[in-house]
Structure formats: structure tokens, C-alpha cells
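Working notes for the structure below.
The values are calculated or read from the model by the stated rules, or taken from the named source; none is laboratory data. Keep in mind it's a predicted model, so treat the numbers as computed, not measured. Note that each Cβ is placed from the backbone with ideal geometry, even for glycine, and that neighbours are counted across all protein chains shown. To get the accessible areas, we keep the full protein, side chains included, count just its heavy atoms, and leave off ligands, DNA and RNA. Shrake-Rupley method; radii C 1.70, N 1.55, O 1.52, S 1.80 Å.
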Amino acid sequence: MRNDKVAEMLEELGDLKEILGENPFKVRAYRRAAEAIRRLTTPIEEMVEQNKLSEIDGVGESLAAKITEFIRTGKVRELEELRGKVPPSLRAFLDIPDMGPRTAWLVYERLGITTIEELERAAREGRLRHLPGMGPKKEENIIRGIQLLKTTAQRVRLDIAWKIADYIIGELVLLPQAKLILPAGSLRRMKETIGDVDILVATNDSEPVMDKFVSLDGVRDVLAKGTTKSSVLFEHGLQVDVRAVHPESFGAAAQYFTGSKDHNISLRERGIKLGLKINEYGVFREPTDEKIAGETEEGVYEALGLLWIPPEMRENRGEIEAAERRAIPSLIELDDIRGDLHIHSNWSDGSETIEALAKAAVEIGYEYIAITDHSPPLGWGVKPEDLRRQITQIRKLNEHLNDILILTGVEVDILHDGTLALDDELLSEFDVVIASIHSQMKMSAQKMTERILRAMENPYVNIIGHPTGRLIGQREPYEVDMEAIVKRAASEGIALEINASPERLDLKDEHARMCKDYGAPIAIGTDAHAIVHLEFMKYGVGTARRGWLEPSDVINTKPVKAVREFLIQRRPSRRSRKG
DNA sequence: GCCGTTTTCGGCCCGACTGTTTTCAGTCG
């Protein structure tokens, strides 16, 4: 992804300038632009060619010139110069907790230290304490920070973070002092990966809450313990913070600690224009300091003339403007989902029988599910003759089931040339056909796009499964022109999947939003290979909400009849089909 | 470096905490 390279270049420029002591607002400008480019869904080269860089949020004349230089020549002269002044290895110091740009520069300038190993040695030998502003305590903190850096997970998957948060909340809620408990931060925003878990507790007596928190099973190390905030290092190397606030400030604190940072900054800037100060205790009118909101989140937003904004939308991507226009969408909720259209049974690589899956789905309250086992050439794919047997079996099963309908289906492989691994005659037998790529992912964007578009020509394809092939933290998405895919999906009436498996979440949030913009239908499927995986639906819905999707944008919110209509709309009618 | 219902200059979110300080700089979320 070229966009990532440009973003990284801007981040490096920002970091190096910060280490050199450049104006912090300037540094922020580089980081904001980098962030905007990282989340951009169109290739940056296009923006350069069409002279549209200034349309990107936070990109002005100067940054546009640097981006253009980088795209044209692969280099940026200013960056090369900066690297001469600041060894790029110093950037790693910024990842050490309690170590920032000023300290990084100090140890380099005075002691010539350029690597973490040298830094640790100098701290252990007591050579840092003589530097201005430093002392023995700082040396200790730097040594500890380096240890933390080695043992702390970078970011963990959403489901792992939720599991830990649910456990901690389940313990704290038993305390009579805890009036309200809310998971905040990126967890509440359902971001695909979580850096640390923030839990907010409303209480008038925080000590017992903090005591219990830091002594929970699974706490590896206590990083800080106070009456308003405590931090621990939890299993999986995940940092968990608990913050205690008084109930009358709970709304303001919930807003503040949910973020995102960019959303909060925009909100405060808006506050300033209205003569208001916003902090974690409330909204205050300046200069009298009169408190006008804070007990509820709704009140905080209302004080700013805004509708309440769902946490998943709080990324400063236009939600504040939408709230001002009173145009916040009615986002999809887990309860809107009527069925799961992507499930594997033990006929392929799943672990459960079809009956067991159906029973579990009834308990969730679904009206229908689709069994979509793999096709060959995957080793665990079900052979055509067995797929026919499976269809027969499911039809028989349906005769005895009153509470749920099992749709017959398949997840058919898209081969390297865009043809499908099963013939049309067999495909026409299924209620649901998901077409997915599982091999040969290293192609040019153009070839990959042609491959998927060709698969979409097949009249039996209903859904493109995990459309970008990424595995979070393990495998990059393949190169593909998603805009072209989304446009075709919209015109053809093919759904693109939000694969709800927390290791995929594919499509991701921005692409989901692109689908909404172009009117391409979405299917949220869990890709369950076991009964417990059916619960992944909440992560898929979370991703959909981050993409601003409403129930009508998602096909598996529809009742059975409407889903069936959707599934057969592209198929040639039986009468006109020859043979 | 960006940006504009404070519009081409002068702002840019806000508070807590820590360690080093005698009034504050650095870091964090």
C-alpha cells in the first residue's frame, strides 16, 4: 500500500522534528496528515496526478509538495537532511513509556546514545542522573520502561480485549461502591485492535474499587495505583486502566475517555467557539465556570448543540457535522441481525454438525442460517457429490425444524483467473453462494481486481467473502481496487461481506462506509467454524457501525422472504435456462 | 504546518501526574 508508505514518511518527519524540538503544533500537523492518508481509501498516486492532495484533511501547500516529491522521486530531500541531524534509531525511544522527544534528544546530544541497548546500559551505570532535569528516579523509570516495552503487547485483537474487560467488569460490579461501570476507549468504539483497555467506574468511594482491581487474578504487574486512576499490566501483555469518577461527572468522563483523541479535540475546539470549556468533569461556561452538563453523555453533546454520537462513529470523520445537522444515522444493532449467512460445519473444516449449529442459532434467536462449507481445491473442501448430499440432508432437516430455516450454501473458491471452483449447474442448487479467495493472493492490484470482477459476473454469486483477505496482525490485505469492486457490487446487487471473525474484520470500517456511499449491499457473516464463533457477530456489527451502516444496508437484517428475494434476483429464470 | 461564522495572522484541547524542581518541564491519555 503506497498510502501507508506516504503516511510513514510523514510520521518520520514529524518524529524527527519533534525530537529536534520543533513547534508541537507543527509536529501535530504532520501526524494528522499521516493519519488522514492512512485511512484514505483512494490511492494517493491518484490524488497526486489529479492535483487533489489539498482535499485531504490536514494537507496544505507544504505537505502536498512533500508528498508529491515523495511519489515522483521516492525521496524527500528534507527528510534526508533531518536523518543527518537525528539518527532515525532515536525514534524507537519514543515507544519507551515515560520517555519522550526531549529526553531522547538529551541523551543523544549529551551522551551520544542512539540505541535502546546503549540507553539501558547508561541508565544501569547511573550515567543519566547527571543530565539536566534527570535523577535516579528517572533512570529507574527508563529501565522499567524498557522492560515494559519488551513485555507489553503492541495491540491485541478486539475479542481478546473484550474478554479481559468483561472479566474485570464482572468482578468490579460485585462491589457495592461501584455505581456504574463502563468500558471506554477504543474498546467501546469497537476498533479492530486495542492498545489498552480503559474501564470507567462511577463511585464516591474509589479505594475498595482500586484495591480489588490491582489484586485481581491475571494482573501481572501494577504500574500505578491511585484514587482516581490505576494501571496494571494484564495477561496477554495488555495494559488495563481503571478510572474512578464521581457519578455527577460520569457522562463527561465517559465522553472524555471514550475518545477518539481527534474526536475530542474537534469537540473542544467547537466548545471554545461557543465559549465553553470541556473536560472530564463536565462542560463549563467561560469565564464564570458555571457547570452546564456532565452527568450524562447526551447532556455533554447537547450542551454543544449536538445530537449524541454513537461511540463507534467518534473518529472525527464527519460525525460532529452530522450531529450538528441532526443527521446521525440510526446505526445497525446486534438485535437487528436475523441470521448468519457464513457458517462452516464438520462437513469441511468446522467442528460441529449442522444440527448442533442450527440448535445454537435458535438459542441466539436467529430466523435462518446458511451452511456454507468450503469447496475444493482447498484440502478440506467438500467434493461436489458430497455437496449434493449435504443439500439433500439439509432439506430433510428443515422438514423437522420449526424455529429456524437452514439455507443451503457454499463458500466457493475464486480461482486465480476469476473462474469459480464449482460449475454453474451445482451452484444453481444452493440458496446462498459466497465466493472467496483463499490462495494466490500476491497479484498486482489490477489483476486481483479483474479476478474478483470476473467472479462477480457469475450469476449465482450472492456474496464476496472476506473481500481483502487480510488477517489482522498476520497478513496484509491483498492489493485490490476496492472502489471498483464496490461500484460493481452496487450495480450487480452482490453483497460484500463484513467477515465478523475478529482476526479478519474484512471488510474494514472505511470500506463498509464506502459501500454505504455507493449503495452496495453488505452481508455480515461470522465465518463460524464452531458454535462459540457465532458470537463473533457483535464484532461484525461493531465494524458495520464504524462504517455508519443502518439496518437497511445489511441483507441479513431482512426477514427470510426478503433475503430469498435478494438471493435469487440475479439468477437466470428456470424457464429461460437451457438444458 | 494548517486553517478560517475570531478568514491571510495568530491561534492551535485539557488536565493529571511525576520528578525534578524553588516555579516548572516533560509525558501521558
Notebook entry, point to check: How about the stretch A:521-550: which of its residues are touching a helix residue (DSSP H, G or I) at 6+ places or on another chain (Cβ under 7 Å), without any contact (Cβ under 8 Å) to a residue 60 or more places away in the chain and buried (at least 24 other Cβ atoms within 10 Å of the Cβ)?
Noted result: A:I522, A:G547
Notebook entry, point to check: Which ones in the stretch A:135-153 are of a type outside the set (S, T, N, Q), farther than 11 Å from A:M99 by Cβ and within 11 Å of DNA strand B (Cβ to nearest atom)?
Noted result: A:G135, A:P136, A:K137, A:E139, A:E140
Checklist line | Unique residue being crowded, with 17+ Cβ neighbours inside 10 Å, of a type in the set (A, V, I, L, M), touching a residue at least 60 places away in the same chain (Cβ under 8 Å) and within 12 Å of DNA strand B (Cβ to nearest atom) when the list is A:V283, A:V242 | finding: A:V242
Checklist line | Qualifying residues in the stretch A:1-28 (those that are within 10 Å of DNA strand B (Cβ to nearest atom) and surrounded by 19 or more Cβ atoms within 10 Å (Cβ to Cβ)) - the one nearest to the chain's Cα centre (by Cα) | finding: A:L10
Item checked: Top-ranked residue of the stretch A:41-66 - restricted to ones that are more than 6 Å from DNA strand B (Cβ to nearest atom) and in a loop (DSSP other than H, G, I, E, B), ranked as least open to solvent (accessible area, probe 1.4 Å) -> A:I56
Notebook entry, point to check: So which residues in the stretch A:242-274 are of a type in the set (D, E) and over 16 Å from A:K191 (Cβ atoms), if there are any at all?
Noted result: A:E248, A:E269
Note to self: For the stretch A:199-219, give me each residue that is in contact with a Leu (Cβ under 9 Å, 6 or more places away or on another chain), touching a residue at least 24 places away in the same chain (Cβ under 8 Å) and open to solvent by 20 Å² or more (accessible area, probe 1.4 Å).
What the structure shows: A:P208, A:K212
Notebook entry, point to check: Before we move on, is A:V86 open to solvent by less than 20 Å² (accessible area, probe 1.4 Å) and away from DNA strand B (no atom under 11 Å from the Cβ)?
Noted result: yes
Checklist line | Hits in the stretch A:97-137 (condition: assigned to a helix (DSSP H, G or I), open to solvent by 70 Å² or more (accessible area, probe 1.4 Å), in contact (Cβ under 8 Å) with a residue 12 or more places away in the chain and within 23 Å of A:L16 (Cβ to Cβ)) | finding: A:R102, A:R110
Check: Which of the residues spanning the stretch A:166-196 are part of a strand (DSSP E or B) and within 16 Å of DNA strand B (Cβ to nearest atom)?
Finding: A:L182, A:P183, A:T193, A:I194, A:D196
